[in-house]
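No value in this document is a laboratory result; all are computed from the given coordinates. Everything numeric in this text was worked out from a predicted model, so none of it was measured. Reconstructed Cβ throughout: ideal geometry from the backbone, glycine too, with neighbour counts over all protein chains shown.
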Amino acid sequence: MPPEVVERFLRLPSSERALLVRSVLWLGAARLALWVLPLKAARRLLSRAPAPSAGAAPTPERIAWGLAHARRVVPGATCLPQALAAEALLIRAGLPVKLRIGVVKTDMGRLEAHAWVESGGRIVVGDLHEGHSRFTPLPPLPGAEV
């Protein structure tokens with residue numbers, strides 16, 4: 001890791017360093033869980049881990065910030081692992097959460113899927129800006145709303 005990245009990390013307030021480390025760990029755990037387990041089992045495992053006992057709970061915006069940086073260092077951190085990590089972090093923070101998956105059929109006849117997480121009516125991770133509305137949301141997965 002380049003020295004300037006380490007220096008920037010060390011200059012962050014301790015609460016942001018802790019959130020960044022948790023984001024990397026949760027995103028890595030989500031990626032690994034999806035590699036070896038079906039989605040339902042991976043999601044159940046990640047959402048049941050105990051909540052931290054100390055410190056102020058992060059906001060959805062801070063969780064989005066942490067995962068935006070974490071996805072740069074976790075290989076294969078596509079939208080689904082990011083969504084599972086965001087869901088787990090939001091649950092631990094005691095915040096409302098909806099994990100959504102949408103699909104679209106391309107002009108070439110391929111089916112594409114995208115995962116995102118909402119909290120309080122706003123997208124926390126997985127926002128595609130202008131392209132987001134092209135995905136048709138599937139019915140919520142059991143346990144998607146907390």
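If you wrap segment 3-137 in the convex hull of its Cα atoms and look at it from every side, the mean projected area works out to 9.5 nm². The residues packed around Ala30, meaning those with a beta-carbon under 13 Å from its beta-carbon, carry a net charge of +4 if Lys and Arg are +1 and Asp and Glu are -1.
Other residues lying with their Cβ under 15 Å from the Cβ of Val74 contribute a combined charge of +4, Lys and Arg counting +1, Asp and Glu -1. 3J(HN,Hα) couplings calculated from phi for segment 111-121 with the Karplus curve 6.51 cos²θ - 1.76 cosθ + 1.60 (θ = phi - 60°) are, in sequence order, 9, 10, 10, 8, 10, 8, 10, 10, 8, x, x Hz; Gly and Pro show x.
Where does the charge balance sit around Thr136 when Lys and Arg score +1, Asp and Glu -1, over other residues with C-beta under 15 Å from its C-beta? After counting each charged neighbour, the total is +3.
The angle separating the long axis of helix 14-36 from the principal Cα axis of greatest extent in the chain is about 40 degrees.
Per residue, the chain reaches -14500 deg cm²/dmol at 222 nm when only DSSP H runs of four or more residues are counted, each adding -39500 (n - 2.57).
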